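The values are calculated or read from the model by the stated rules, or taken from the named source; none is laboratory data. These figures come from a predicted structure and were not determined experimentally. Positions of Cβ are generated from backbone atoms using ideal geometry, with glycine treated the same way; all protein chains shown enter the neighbour counts.
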Amino acid sequence: MSIETLKLCGLVILLAPLAGAILAGGLGPRVFRSRSHWPVLLGVGSAFVAAIVLFREVYTAPVGETLAKIPLYEWIAASTNARFNVELLIDPLTAIMLVTVTGISLLVVIYSRDYMRDHGQPERGYERFFAYLGLFVFAMCTLVLGGNFLLLYLGWEAVGLCSYLLIGFYYDKPSAAAAAKKAFLVNRVGDFGFGLGILLIYISFGTLEYAAVFDMVQERLLASGEPLTDGRLSAIALCLLAGACGKSAQLPLHVWLPDAMEGPSPVSALIHAATMVTAGIFMIARCGAIFAASPLAMTVIAVIGATTALFAATIALVQTDMKRVLAYSTISQLGYMFLGIGVYAADSAVFHLFTHAFFKALLFLGAGSVMHAMGGVIDMRQFGGLRKVIPWTFMTFVIGSLALSGVPGFAGFFSKDEIIHHALSAHWLLGGIGLLTALLTAFYTFCMVFMAFSGPERIPEGVHAHESGGWMIFSLLVLSVGAIGAGYLGVGGKVFHHFLEPVFAETFAAHMPTHGAVHAVAHQSFWQAYGLMVISGSLAFIGIIGAYVMYVRQPWIPGLVRASARGTYDTLWNKYFVDEAYQAGIVEPAKKTGELCVGLDNYFIDGLIWTVTAIPRGLGYLARTLQGGAMQGYGLSMVAGVTVIVLLVFWCQ
Amino acid sequence: MWEFLTSQMGVSIMLAAVVFGVMQGVVAYSIYFERKIAAWIQDRCGPNRVGPFGLLQPIADGVKFIFKEDVIPGHVDKVLFVLAPTMMFIIAFIGLAAIPWGGQWLVDGKLVNIQVSNPDIGLLYLLGVGGMGVYGVVLGGWASNNKYSFYGAIRATAQMLSYEIPMGLCIVIVVLTMGSLRLEEIILPQTAYWSGAIPKWNIFLHPLVFLILFITMLAEANRAPFDLAEAEQELVGGFHTEYSALKFGMFFLGEYAHMITASAFISVMFLGGWHLPWLPWAQPEATSFAAVIVKMLVLGGKIAGFLFLMMWIRWTLPRFRFDQLMRLAWLGLIPMTLGLFMITVGLLYFGLHRSWAWTCGGDTVVLVLTLMYVAVSRREVSGRTPGMNVIGVGTAAG
Amino acid sequence: MTPETAYLLYFAFALGGAGVYFMLPRGEATKPAVGALFGLGSLIALSLVLSTRIITPDHTTYYFYLFSTIAIAAAVRVITHPKPVYSALYFILVVISVSALLVLLEAEFLAVAAIIVYAGAIMVTYLFVIMLAQQTSTPHYDSRSREPLLAVMAGFVLMAAIATRSADIAPSRVVASDARSQVTSPVVLVSDGATDEPTGTINEPLTRGNTLLVGASVMTRYVVVLEISGVLLLVSMVGAIAMSRKRVPMEGYRPAAPPLGQIGKEVEPY
Amino acid sequence: MNSLAEYSVISAILFALGLVGFLTRRNLIVIFLSTELMFQGIVLNVVTYARLHGNTDGQAFGLFMLVIAAVEAGLALGMIVLLYRRRGTLDAEAWSFMHG
């Protein structure tokens, strides 16, 4: 592993998308115009190539030398002991994340080239869109590559900013603006906790560098030399967790993600698959040393993850907006990942993140393609039987759906199965929720597929449905390959987990209550391991068949169900009234408090200030009469003064 | 008495009297010659009634100027109205004080300068006096309280201020080349010879500078083709519309005196002053009284030549339009002289400022660059910029 | 200076102040003749005082009296004449006579430069502007001065203070006698220029005058100042062109803008 | 032989006269003329003292003062023309709106 190569790769990964963004944003309106995608495409593309090279470097490195710290320059030198460098940390986790992020982003950029066009003409803000995309990739890579918490925080906030910009891309649409604001504000709540966590880390350990912090956590030592208590550690972990919940849309803070659909579809794909939501998972995996050492935090993570998975899956059952279904499925899958981390199987969680990135990006881009074909309509009730109209999209969408459903042989199956496996061995309830969620996932996914693509051909009025352009199909095909093949990297805990082992060996694996995950898997009997696979595979098939029956064979069943379970349906349709609860419990009181403050400010504080200013104003009014405004008047007094001074000087000599 | 007369001061006083007196006559007769030359160019006879060949015509004119009724219009500012022609007349004449008329005179074993005054800063003195020349025109035009006179005055002001810049730069170039501000010291190096044949007159060193200086002198003297201040077609009589009799005569004499001063000045600067090659009396070594007379005649001849040239130009070339006049100064002469100035400074740094080939080369470079610029931007130079206000045209009617 | 001459000097300034006061335009109350009388008395008293400072009169002394009288009289007319054109013309007279005084002080180059710059260029532009902006009759602001009594008192007290001190320069401190009166060719005063104490000596006669010395001083010791002056001139040129090219609409007097203290009341502070 | 004191007195008189003019006159152009008059007094004074010390520094400064005067004249006259175009008057008090 050559440091120079890594440094070069790291710089290219960081700077190439940034340069692309600056070029597209700065020169786009004048120079590139409809070719504005090229700078970003080349930037992200070279970042992807660099990520591959970096991955190869890390992969071929001998065991025990897979971690590299590369300081670039001193960033902030606030005092002698408060110095922060811009430094890169490269290890297998980083390598995998970088390949995923840049790869998916590259495909998204390629896809956007056709998607952001209307009849061949670029949309308004074309160059702005690509500039934001490049910036997003840069932010995410900063987050992933950064070697200390400060850079992590920088990337964290920059990702939030980019998501705000992209969700609100159609800023003249009120719903988009509101969604962007909502995403930003909800993320702020999480980021507040995250910032507190980082401050707590700095106060506790006196440094923000990963390695130093983690070493001190391992040694259970504070910067002051006192021992690190469990309470403090849990506080840090929970604060950081709040940030992760915000970014990864976990239960209390999940509300922004479904609304983020207001952005263009490629943005959704980017947010759901590669950049935004994976940040939380990545952060927890990166800070494994902190989290794994706190059983409380791990329990919270597992519970949050399981609850979110089930909660989101149930909501997804009744949604009719294709992208919204996919959004809830993302929340659900992120719940799986949290669950995986919560049961000390961080490698499985990262594996699921990896596979999920492919099929979720595929599904979103497919949904975007459908939307593109349908002239912007995304409500599934309005169309059907599209498999003949847009065959390529149909094919790739089905592959993505199979992967999401966890059908054996597709990517989702392997990773999800692993997580359920580990959850079961931790607690039967967690595993049970996982299995139930798997069933629901398969069901709602294929409800969506059948509603959109099967049956008689139904197309909304006045829409000329057509297959999408070559750039879009290319992205979809590449992602389909990933959605099928990505899972085989982790079969039997071989390649993927072995690669990640150095990262988690001393954190999650070491702290596992049941003597370590690898041991657990190894010591399970053949029937235990494969029986679970059979069960989860059958659940997927049951869900698919159920959907087939309900939406193709006997289409009257959904209506019956809807009518018989009115209350449940309404609750699900309204997403458990979480938004309404927030509105009533937080937003309204906050508004009232704000109004109260305004009144206080206007009448009490301002009154005080005006009273105070009245005094100098009155004095100034008196002094004003001395200022005639004619410069000669001033000159006269000046000359008189000079005369007096001259006379004094001469007399006093 | 003889002692006093042959002292420097005595010679100066006598010379001043002689120059003043002679110049009156010369000026009067230059008006006669102007008319004769105009007639000759236009294939007419010219004045020929008063005396043989009309030679007494100037005297008749003078008598008329003196005895005509001197009208002072009621609406004028009387003090300035009277002051203006006087200033014009005086300022045109006091410039002559610094002109070295005849080198040096060896009398009673000591050398006396044939020059009214020989200040260290003779050249600057001439420049300063020249700068004052505009007041006569400006005050006359303004005091007349007449629209056309006023336009004439304004035009004259703008014109003189503009042309003073290239003139000053030309003079600076000569000063740099000669290394002195004293007029006598400017003449002396010009009396040497290149390869024993060609006199080292500055005109051979800097022909382009000579040309530009001559043009600016024409403009400074308000002579055609730069006599915009008195353009009859546009401004009736210009700044002297309201003047008559003796005061008009003073304006008239002042203009011709100005021409003579300018001619003498440019002769000293570029044509070696009183120096004439191979004529033994016109060499710096010759200091006898006869030599002084010959030298004065030589300088007088050069002045006469310039006067003839100016009259010839006046009756040959049409008058400029005002914007053309301004453009010639600001876009033509000033950049050219600036370029020449920089080249001269560069040559001075390398000690090549008296080298014929280098200075002429520099002049050629500047000339070629200017011609190239003119060729490239011909339309802009010849055409009239829309919206450019020509002082006195268009506004006068409204 | 003896007390008698000092009092004579004060008397001269008092007379001069009264003269200037009477000559300043004050509408109907202007009395130029009375002012001129006072001024004449003041000049005589002043010349009496100054004559005590002259050690050996020669022709430069007469030139000095001639030109300083012209300068002062013209200066008084500059500030008292109701017509700006005459003020400008009198100012030219001041410049010329001051230049003559400079020549007496062996500063020929500066003298001629002052004439070229002031009389040849600056005053022409002044006249230009005066003529462009001239009213048909004398406007009210030219026929009445503001605070003439106070201003004259302040100005002349200051004048008396400075002049009294200046008149006490000891003749022995003068370096290098007035060379022009003794030697036919001009004498160069040589100094290294770096010392404050007078150290000049009479050097061998040169024929170049002081232009060379001033030039050397400007080009060596004060070269930075020279460069800055060049930049200053350029800036001024650009500024003047930018200002005068601007077309501004004619407007009448407009009511004064609300005072700053009121902004908070009428306009929201944020 | 002169003591140079008289030149100094003359310069003081010129300076103070300029000052009086600056304070009393209302015409913008005359006000600026008065400042030029003060410049003349200063130039004379500076050259006088240079003569007293036997060097040329004063003349150099006199030269720079000419530059300043030219700069001042250029800008001031430009401004006056601008003001005159705007208000049609040269009265200095027409522009006294900078009072408190």
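Can you go through C:A29, C:A88, C:A45, C:A33 and tell me which one is more than 9 Å from chain D (Cβ to nearest Cβ), small (G, A, S) and closer than 22 Å to B:K78 by Cα? Answer to the selection: C:A33. The helices (runs of 4 or more DSSP H) located wholly in region A:588-653 that include 3 or more residues which are closer than 30 Å to D:A16 by Cβ and within 14 Å of chain D (Cβ to nearest Cβ) occupy A:631-652. D:S3 meets the conditions (1) modelled with pLDDT under 90; (2) more than 7 Å from chain C (Cβ to nearest Cβ) in every case but one. The failed one is (2). Right, C:A6: within 23 Å of C:V157 (Cβ to Cβ), in contact with a helix residue (DSSP H, G or I) (Cβ under 7 Å, 6 or more places away or on another chain) and surrounded by fewer than 18 Cβ atoms within 10 Å (Cβ to Cβ) or not? For C:A6, the condition - within 23 Å of C:V157 (Cβ to Cβ), in contact with a helix residue (DSSP H, G or I) (Cβ under 7 Å, 6 or more places away or on another chain) and surrounded by fewer than 18 Cβ atoms within 10 Å (Cβ to Cβ) - is met.
Among the criteria (1) buried (at least 24 other Cβ atoms within 10 Å of the Cβ); (2) out of contact with any strand residue (DSSP E or B) (no Cβ under 9 Å at 6 or more places or on another chain); (3) farther than 23 Å from A:E87 by Cβ, the one A:S36 does not fulfil is (2). In region D:66-74, the count of residues that are within 7 Å of chain C (Cβ to nearest Cβ), closer than 16 Å to C:S217 by Cβ and buried (at least 24 other Cβ atoms within 10 Å of the Cβ) is zero. Might you check whether a residue that is over 29 Å from D:A76 (Cα atoms), at pLDDT 70 or above and surrounded by 10 or more Cβ atoms within 10 Å (Cβ to Cβ) occurs anywhere in region C:221-235? Yes. Taking every residue in region B:298-324 that is within 29 Å of B:L276 (Cα to Cα) and pairing it with any residue that is of a type in the set (K, R) and exposed (fewer than 15 other Cβ atoms within 10 Å of the Cβ), at least 6 positions away or on another chain, yields no pair with a Cβ-Cβ distance below 9 Å.
Being assigned to a helix (DSSP H, G or I), more than 25 Å from C:I241 (Cβ to Cβ) and modelled with pLDDT under 85 is a property that D:A50 has. The single residue among C:I79, C:I96 that is within 14 Å of chain B (Cβ to nearest Cβ) and among the β-branched types (V, I, T) turns out to be C:I96. Go through the residues of region D:42-49 one by one and say whether even a single one is facing chain C (nearest Cβ under 7 Å), more than 24 Å from C:F128 (Cα to Cα) and either in contact with a Cys (Cβ under 9 Å, 6 or more places away or on another chain) or charged (D, E, K, R) (or both). Checked region D:42-49: no residue is facing chain C (nearest Cβ under 7 Å), more than 24 Å from C:F128 (Cα to Cα) and either in contact with a Cys (Cβ under 9 Å, 6 or more places away or on another chain) or charged (D, E, K, R) (or both). When A:T94, A:T102 are screened for being surrounded by 24 or more Cβ atoms within 10 Å (Cβ to Cβ), in contact with a strand residue (DSSP E or B) (Cβ under 9 Å, 6 or more places away or on another chain) and in a helix (DSSP H, G or I), only A:T94 passes. Close Cβ contacts (under 8 Å, 6 or more residues apart or on different chains) running from residues in region D:69-97 that are over 26 Å from A:L626 (Cβ atoms) and aliphatic (A, V, I, L, M) to residues that are at pLDDT below 85 and in a loop (DSSP other than H, G, I, E, B) comprise D:I80/C:A133; D:I80/D:L90; D:V81/C:A133; D:L82/C:K246; D:L82/C:V248; D:L90/C:A133; D:L90/C:P139. Would you check if A:S224 is within 17 Å of the chain's Cα centre (by Cα) and hydroxyl-bearing (S, T, Y)? Judged against the criteria, A:S224 is not a match. For region C:16-29, the criterion of a residue being part of a helix (DSSP H, G or I), in contact with an Asp or Glu (Cβ under 8 Å, 6 or more places away or on another chain) and at pLDDT below 90 is satisfied by no position. Those helices (runs of 4 or more DSSP H) of region B:1-76 in which 1 or more residues are over 30 Å from B:I114 (Cβ atoms) and among the polar types (S, T, N, Q) occupy B:57-67. Every condition in (1) more than 12 Å from every other protein chain (Cβ to nearest Cβ); (2) among the hydroxyl-bearing types (S, T, Y); (3) assigned to a loop (DSSP other than H, G, I, E, B) is met by B:T177 except one, and the failing one is (3). Selection of region B:151-163 for residues being surrounded by fewer than 24 Cβ atoms within 10 Å (Cβ to Cβ) and at the interface with chain C (Cβ under 10 Å from one of its Cβ atoms) yields B:I154, B:T157, B:A158, B:L161. Looking across D:F22, D:F39, one residue alone is more than 7 Å from chain C (Cβ to nearest Cβ), part of a helix (DSSP H, G or I) and within 8 Å of the chain's Cα centre (by Cα). It is D:F39. Select from region C:185-215 the residues that are assigned to a helix (DSSP H, G or I) and at the interface with chain D (Cβ under 8 Å from one of its Cβ atoms) and write down the one among them that is modelled with the lowest pLDDT. Ranking the qualifying residues of region C:185-215, first place goes to C:L213.
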